[in-house]
């Protein structure tokens, strides 16, 4: 089992053997003992975590102009090692570093790394032993993280219930819409009224016809709706101990509905995926796209970056289906030579309510404090100028309280990316349905050589 968790997924290990070399486990089974190191190496895929650390960690002195090094008050340097998340690049680079962890010099060891919900189980696996139990750092999840949403704690735990990471985020999703387009089509931009027009998929389909009649797309791309379907799957893509990918019926429902919506003209045929320039442009003021499905980080980190108009044009309301999208988990790496500072950073960013509320105010993040978010939802000072003075937390809270996280596996990111890519060609008419399935199967085996079969719903 150990060899499959990281080494096989990296396609860098032999067919047999142990993952001990991957984890870099120290002789005491946890953090390295002795004097704290002077370099903290943090692996991530963007600067989001760095900015949160800068915002709330009191030991931060300064960050270099290029954002690669943050100096702490005691002279310790945080080195930010950033690689893109797309196409598995981040995981590949992280896995390569984890393979070297046992033999790395103190200043080259991984101290903190981040994972996303799509592949967090790969790194919290007890057999992998790359993410330290929080208790080994001196963090008591029941006491120190008592106010976190329970599903985030479960997501960061191994099969034995041992929590091996923590997050500052809870990621309920909303529908984010253009107020000006709403006024043009519906004669109102009131969030409650718009919420009624998007309250479920059948209602939203009728609303899409109204938008189309006025020359607007409902969403930019079929990729925008995937998370709502993906959150509803009944079984993981790959069950523990198995080598078969099982495609859930909910995923195929997304395929069928996406084809229907694209052919009906509710989506922009020119936008084939997220995180590309064509998609980014649909968030600009000249776009005719009505809405996006975003969690809080999506509004701040994606929508605001691509919007080129005045504040107040966007608003939020309930989605057609409750969903969660994402969550960045912070892990202390087994073998770190900075356990005390790593502990302090994790607690400062994920376990301190005052700090979490500061992050929420500064970045619109829906942070991982149940009681804090309830307070914020009633606090007018958390209204967003970008959202026209609307307090988005009023809408986030009920979604967050209803989230039931989908069953996860270490293969989720690759499965989601490759399925979307394969069926995009089908949506666009480049291949037929059976060829899209075949292309997905080929791509999966190339990405994950340990997978032996793909099972489709009947």
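Each value in this text was obtained by applying a stated rule to the coordinates, not by laboratory testing. The shown structure was predicted, so the numbers you read here are calculated from the model rather than taken from an experiment. Methodologically, a virtual Cβ is constructed for each residue, glycine included, from the backbone with ideal geometry; neighbour enumeration extends over all protein chains shown.
See the values below:
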{"quantity": "Kirkwood Rh, angstrom, the stretch 179-243 [1 / mean 1/r, Cα pairs]", "calculated": "14.0 Å"}
{"quantity": "FRET E, pair residue 213, residue 89, Förster distance 60 Å, beta-carbon r, rounded to 0.05", "calculated": "0.90"}
{"quantity": "Cα centroid of the stretch 165-224 to Cα centroid of the stretch 299-325, whole Å", "calculated": "10 Å"}
{"quantity": "Debye-sum result for the stretch 157-305 in log10 I(q)/I(0), which assumes one identical scatterer on each alpha carbon, at q = 0.08, 0.11, 0.16 Å⁻¹", "calculated": "-0.28, -0.51, -0.96"}
{"quantity": "Extension gain from residue 269 to residue 65, taking 0.36 nm per residue of separation minus the Cα-Cα distance", "calculated": "69.5 nm"}
{"quantity": "Pairwise FRET efficiency - residue 286 versus residue 96, Cβ, R0 = 51 Å, nearest 0.05", "calculated": "0.75"}
{"quantity": "In degrees, nearest ten, helix 201-213 long axis to first principal axis of the chain (Cα)", "calculated": "60 degrees"}
{"quantity": "Computed over the stretch 185-311: relative contact order in percent, which uses C-alpha pairs under 8 Å that are six or more apart", "calculated": "28 percent"}
{"quantity": "Distance between modelled label sites at residue 154 and residue 55, nm, 7 Å Cα→Cβ extension", "calculated": "2.7 nm"}
{"quantity": "Spin-label pair residue 188/residue 107, simplified geometry with 7 Å Cα→Cβ offset, distance in nm", "calculated": "6.4 nm"}
{"quantity": "C-alpha long axis of helix 433-447 to longest principal axis of the chain, angle in °", "calculated": "20 degrees"}
{"quantity": "C-alpha center-to-center spacing [the stretch 392-432, the stretch 91-155] in angstrom", "calculated": "24 Å"}
{"quantity": "Rg and Dmax [Cα atoms of the stretch 325-458; Å; Rg one decimal, Dmax integer]", "calculated": "21.2, 56"}
{"quantity": "Nearest-ten-degree value, helix 353-363 long axis tilted from longest Cα axis of the chain", "calculated": "50 degrees"}
{"quantity": "Full-stretch length increase - residue 36, residue 404 - with 0.36 nm per residue and alpha-carbon distance subtracted", "calculated": "128.5 nm"}
{"quantity": "Where the Cα pairs of the chain fall when distances are cut into 20 Å bins, in %", "calculated": "24, 56, 19, 0"}
{"quantity": "Expected 222 nm ellipticity per residue - DSSP helices of 4 or more, -39500 (n - 2.57), all of the chain, to 500", "calculated": "-10500 deg cm²/dmol"}
{"quantity": "Residues of the stretch 234-266 with amide N under 16 Å of the 7 Å Cα→Cβ point at residue 201", "calculated": "234-235, 248-264, 266"}
{"quantity": "Ascending count of other beta-carbon atoms within 10 Å, so fewest first, for 331, 79", "calculated": "79, 331"}
{"quantity": "Solvent-free Debye scattering, log10 I(q)/I(0), computed from the Cα coordinates of the stretch 386-458 at q = 0.17, 0.21, 0.22 Å⁻¹", "calculated": "-0.75, -0.90, -0.95"}
